[in-house]
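*Asks:* Could you have a look at this structure, given as structure tokens, before my questions?
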Amino acid sequence: MNPALIRTLDKQRILSLVSQRPGETKLGQSLRLPAEYQNWQAVRGDGCRYVLLGVPEQVGPRANCGKGGAHQGWQAFLSAFLNLQDNQLMGGGQLLLLGELICDDLPDTDDLVQLREQCEEIDRRLLEVLRPIFAADLIPVVIGGGHNNAYAIIRACSEARGQPLAVSNLDPHADFRQQEGRHSGNAFRYAHAQGYLSHYSILGLHEQKNSQEALQALAQNGFPWFSIQQIQWRRELTFTQALEKVLAYLKGPNLPVGAELDLDAISDMPTSAITRAGVALDDAIYYLHRLASQTRVQYLHLAEAAPQRHPAGEEAGMRVTGQALAELACTFISAAG
């Protein structure tokens, strides 16, 4: 289970994050841990279906000339998610808490060339960790870090399935910039160019936050997008109508589906590229519910949460992003069944 690349959490550490109450069971008390299993096939055979993996890095956004802070999303998620109830609607027995990808050994630097080289190293590590998870027919829920990590997730899934993927992304940015070196702004461009991504749709795209070159590349490949301007500002179609078009597009080729959500899309969410003009958290939750229940979904990726960017400070940011990440993950897991 790639112990050299993963920092696991033992039961004692997990329970230290759980507020226990008599007569109740929290997810942190019931989910599974890697130490209980010899291999990924044993995990699947024991009834687990979802693998929780953190990627505590901020290299990708910084390599894209952006802000840091995305390394904190995983810890914020754990604090909230582990304290949710284990009940008949969702139980911890189907969840394996793998741990976090080791990223903190990468040297701190402001040099763009070095940052992009580090981004490629994170790609390599994620690929090595995710390939056997997909091969065992498990569904990873990847949380934290920049949107650069979508490339490794898509590639690992595509290689395991022997097919390219159809991916939906709720994001103001298409992350389809030129292949100028790996960073958070070009994960989907690299995945498509290398044959791992054949269908790609963006919901909530911001028309003025994407370059002409990127928009032309999307058009040339027939990749549809639905903008926040169309949905919220010009009211040309509703969020639900746009989502229905996304679902129809994803179902068309009958390919494995990837669920991507950049928390930048959500209004006022503390993120690497915080926005005042995005979708509501409720819409983001509904997006994942429909995507997970209506398609052949293979994974969930929640990227770019940056608690330290909350205007009231890091503590407030941890609460806000933690609750949002936990609710998004729960909705996905419950809907995927």
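*Asks:* If you place +1 on the Cβ of every Lys and Arg, -1 on the Cβ of every Asp and Glu, and leave all else neutral, what size is the dipole of the stretch 15-336 about its Cα centre, to the nearest 20 Debye?
*Replies:* In total the dipole reaches around 840 debye.
*Asks:* Hey, what D do you get for the stretch 231-337 in µm²/s if you plug the Kirkwood alpha-carbon radius into Stokes-Einstein at 10 °C and 1.306 mPa s?
*Replies:* Translational diffusion coefficient: 109 µm²/s.
*Asks:* Next question. List the trypsin sites (Lys or Arg not before Pro) within the stretch 211-276 that fall in a DSSP loop (any state other than H, G, I, E or B) and whose Cβ has at most 13 other Cβ atoms within 10 Å.
*Replies:* R234, R235, R276
*Asks:* Hey, any idea what % of the chain's accessible area is carbon plus sulfur with a 1.4 Å probe?
*Replies:* Heavy-atom surface of the chain belonging to carbon and sulfur, 1.4 Å probe: 45 percent.
*Asks:* Another question, then. Name the residues of the stretch 181-208 whose amide N is less than 14 Å from a point 7 angstrom out from the Cα of E159 along the C-beta direction?
*Replies:* The answer is 191, 194-197.
*Asks:* Ok, one more. Amide H of V297 versus every other amide H placed in the peptide plane: which residues, excluding those fewer than 5 positions away on the same chain, fall under 5 Å?
*Replies:* V257
*Asks:* Would you mind putting 171-177, 41-47, 322-328, 238-244 in packing order, based on average other-beta-carbon counts within 10 Å, highest first?
*Replies:* Final packing ranking: 171-177, 322-328, 238-244, 41-47.
*Asks:* Dipole of the stretch 15-336 (Lys/Arg Cβ +1, Asp/Glu Cβ -1, origin at the Cα centre): which of Q308, P107, T331 lies farthest to the positive side?
*Replies:* The one lying farthest along the dipole's positive direction is T331.
*Asks:* A follow-up question, please. Could you work out the percent of alpha carbon pairs in the stretch 15-336 separated by over 32 Å, rounded to a whole number?
*Replies:* Percentage above 32 Å: 21.
*Asks:* Report the net charge of residues surrounding Q29, where surrounding means a beta-carbon distance below 10 angstrom and charges are Lys +1, Arg +1, Asp -1, Glu -1.
*Replies:* Around Q29, the surrounding residues sum to 0.
*Asks:* Hey, what's the chain come to in accessible area per residue, 1.4 Å probe, Å²?
*Replies:* Heavy-atom accessible area per residue stands at 39 Å².
*Asks:* Pull up all non-local amide H partners of L52: gap of 5 or more, or a different chain, and H-to-H distance under 5 Å with H placed in the peptide plane.
*Replies:* Long-range HN contacts for L52: L96, L97, L98, V141.
*Asks:* On to the next question. For the stretch 1-60, what's the radius of gyration and Dmax over Cα atoms, in angstrom?
*Replies:* Just the Cα atoms of the stretch 1-60 yield Rg and Dmax of 13.8, 43 Å.
*Asks:* How much of the DSSP bridge set in the chain is antiparallel, in percent, rounded to the nearest 5?
*Replies:* Beta bridges within the chain, antiparallel portion: roughly 10 percent.
*Asks:* Cβ neighbours within 10 Å, averaged per peptide: list 73-79, 195-201 in order, most packed at the top.
*Replies:* 73-79, 195-201
*Asks:* Once the dipole of the stretch 15-336 is set up with Lys and Arg at +1 and Asp and Glu at -1 on Cβ about the Cα centre, which of I274, H192, A219 lies farthest towards its positive end?
*Replies:* Positive-most Cα among the choices belongs to A219.
The values are calculated or read from the model by the stated rules, or taken from the named source; none is laboratory data. Being a predicted model, the structure only gives us computed values, none of them experimental. Cβ: placed from backbone, ideal geometry, glycine included. Neighbour counts: every protein chain shown. We work out accessible area using only protein heavy atoms, side chains counted, and drop any ligands, DNA or RNA first. Shrake-Rupley method; radii C 1.70, N 1.55, O 1.52, S 1.80 Å.
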